[in-house]
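Following: one structure in structure tokens, then a few remarks.
The values are calculated or read from the model by the stated rules, or taken from the named source; none is laboratory data. What you see is a predicted model; the values in this text were computed from it and never measured. Note that we place each Cβ from the backbone using ideal geometry, even for glycine, and neighbour counts take in every protein chain shown. Accessible surface areas use protein heavy atoms only, side chains included; no ligands, DNA or RNA. Shrake-Rupley method; radii C 1.70, N 1.55, O 1.52, S 1.80 Å.
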Amino acid sequence: MNVEDKLISIIKEKLIERNRVTKTIDYQHNCQIALAPESTLFFECYQIELKKVSIRLIQELYQMKESSWVDWILTGLSYQILFNIELNESILPFVPWKMLTQWPLTFFLSQQPVFGFCDTTLTRETIVKLPENCYLVKLKNQKLTEEAKELILKNKIVVIERLNESCIWAE
């Protein structure tokens, strides 16, 4: 094996290892915002679970405000890091609709993923892709087909309805 092949093999092994690693990071400790981690963490893991997230971080991220945490998350996205952001139900109304449906982040409630879709009608084909016991956020004007409703009941999917696309702070 030549030097190039060895180098390629080492890089490949490192990437495979990185894809297996998930890190959990707390945004806050004792009601104090923690320092954003070093970007070198992105070389070690592929998925990051961000816990104890505040409304402030959600707003700053959505508005792309300059802060160490926003910069860190955006850098992670450029490294193709998968971010799982754990929320509580009282924070969910503060998450803008576009973040739920279009951003490359996954939100969680009670350790279950939260999904939202832009379709005006949610069909069986949409719902069948969802895991059991997850959360589905839908707008009041979005319709569910009868088959979708049956699948939601069968898979114990929790439906949370919003009046419109606005979040509390953006109204």
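Annotation: per residue accessible area for the chain equals 62 Å², rounded to a whole number [probe 1.4 Å, protein chains only]. Across region 52-120, the relative contact order, built from alpha-carbon pairs under 8 Å that are at least six residues apart, equals 30 percent. Once the C-beta distance of Asp119 and Lys65 is scaled by a Förster radius of 22 Å, the resulting FRET efficiency is 0.10 to the nearest 0.05.
For region 1-153, a crude dipole built from +1 on the beta carbon of Lys and Arg and -1 on the beta carbon of Asp and Glu, taken about the Cα centre, is about 240 debye to the nearest 20. Remark: region 1-81 carries a charge dipole of roughly 220 debye about the Cα centre, counting +1 on each Lys and Arg Cβ and -1 on each Asp and Glu Cβ. Comparing Cα centroids, region 29-55 and region 66-98 end up 10 angstrom apart. FRET efficiency for the pair Ser9 and Glu38, taken as 1/(1 + (r/R0)^6) with r the Cβ-Cβ distance and R0 = 25 Å, rounds to 0.40.
With all protein chains in place and a 1.4 Å probe, the accessible surface of the chain carries 51 percent carbon and sulfur. If you take the square roots of the eigenvalues of the alpha-carbon gyration tensor of region 132-171 and sort them as a ≥ b ≥ c, do you get rounded (a/c under 1.5), prolate (a/b over b/c) or oblate? It comes out oblate by the Cα gyration axes. For the pair Lys23 and Asn164, the difference between a 0.36 nm per residue extended length and the Cα-Cα distance amounts to 47.4 nm.
Its DSSP H runs of at least 4 residues, each contributing -39,500 (n - 2.57), put the calculated 222 nm mean residue ellipticity of the chain at -9500 deg cm²/dmol, to the nearest 500. For the chain, what does the alpha-carbon gyration tensor say about shape, rounded, prolate or oblate, given a ≥ b ≥ c as the root eigenvalues, a/c under 1.5 as rounded, and a/b over b/c as prolate? It is oblate, given that a/c is not under 1.5 and a/b is not larger than b/c. Based on C-alpha pairs under 8 angstrom that are at least 6 apart in sequence, the chain has a relative contact order of 16 percent.
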